[in-house]
Amino acid sequence: MKKGKSRVMLDRVESLMQSYISELSNEYVSSLFEKLPHGKRLRAKLVLKIAGSSKEALRLAAVIEMIHAASLLHDDVIDDAATRRGVASLNATEGSKQAVMMGDILYSKGFEELVGFEREIAAKVASAVTQLSIGEMMDVELSKSFNTDSGLYMQMIYQKTAALIEATAATAAMLAGKESGVYAIYGRNLGIAFQIVDDILDITQTSEQLGKPAMHDFEEGKSTLPYIYLYEALDEEGKERLKSLHAKRLTDDEKEWIKGAMEERGALRKAYLHAKELADEAVSLMESAGESSLADIVTAMIERDF
Ligand code: FPP
Ligand code: MG
């Protein structure tokens, strides 16, 4: 079957990343890069859809995907994750030290390429990486006790996840000479909605579907939006029970109680509707801008089940 144009372009982004890595002339680094799961390449798709397939667009897509891959390597060390996308994480197979260093290599090589872009683009991506690091730090901090503040959660996911997607869309627009403000809002909404959906799927999906243990967020101490909404809806006794389960290894019965209570109290639905509102705003912005395929990305993201 003939490959579609967007698949061919994404393959070119993959090759570009590979060639950046092979420039480093280190076989071990290249072999670790080969092992990394590719993921959805959402950020590369956004760049290509917004900025087309010029050399610069392909480079920007590759740089942003390398930075994103670096952040996941670091995140898996921080979260002590044994798997990523259904395969053993790099920290599990090579140890945390090598996973951190591989993240550093991807991140700094990405920056080496980033400085070749015009200043405004380079500064925006660099500042987003600072944001995501602060967001990750806030995530760790909030996990130390049971966070019931939805405002803090929203701030954290904006920084941890949406800031880089916002910068991706905005810088791709700058490359293409488009109005970057509209694309920035689109990216921000897409990013926040994406993380809310991710946090919902942690609860509603099985470990097989997720490629990582299900309902692990709460065990790790992360009280994501459905947990916050559930807490708000529970009576005093329920609140105490939920609090007592925070950051603990959950039994199957405890997981069932949480899920059942979330269904009953509409906590999952409320979280989903929040994501849907942001997604709808992003869709209508793109429809008005005549960017139907960018609107489709949001729709597919909000409807995804993995
Ligand atoms: C996934 O969160 C993690 C992120 C979206 C960003 C993590 C960012 C850092 C570790 C900072 C990186 C810094 C540099 C310099 C590259 P999650 O744990 O909620 O999602 P998961 O289920 O996919 O693990
Ligand atoms: Mg993680």
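The values are calculated or read from the model by the stated rules, or taken from the named source; none is laboratory data. Keep in mind that this is a model prediction, so the values were computed, not measured. Cβ coordinates were reconstructed from backbone atoms using ideal geometry, including for glycine residues, and neighbour counts include every protein chain displayed.
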Among helices (runs of 4 or more DSSP H) lying entirely in region 60-166, which contain 2 or more residues that are farther than 20 Å from Glu220 by Cβ and not basic (Lys, Arg)?
-> 90-94, 96-114, 119-142
Quick count over region 165-195, residues being over 17 Å from Lys40 (Cα atoms), in contact (Cβ under 8 Å) with a residue 24 or more places away in the chain and not charged (D, E, K, R), is 13
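So that you can scan it fast, the table gives a plain yes or no per residue for (1) at pLDDT 95 or above; (2) of a type in the set (D, E, K, R); (3) away from ligand 1 (no atom under 11 Å from the Cβ):
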position	(1), (2), (3)
Ser31	yes, no, yes
Lys35	no, yes, yes
His68	yes, no, no
Ser71	yes, no, no
Ala81	no, no, no
Restrict the check to region 37-52 and report whether at least one residue is within 9 Å of ligand 1 (Cβ to nearest atom), at pLDDT 95 or above and within 18 Å of the chain's Cα centre (by Cα).
-> no
What residue, among those in region 83-112 that are touching a residue at least 60 places away in the same chain (Cβ under 8 Å) and either over 24 Å from Leu10 (Cβ atoms) or β-branched (Val, Ile, Thr) (or both), is farthest from ligand 1 (Cβ to nearest atom)?
-> Glu94
Any hit, region 90-104, residues being within 16 Å of ligand 2 (Cβ to nearest atom), surrounded by 15 or more Cβ atoms within 10 Å (Cβ to Cβ) and among the hydroxyl-bearing types (Ser, Thr, Tyr) | yes
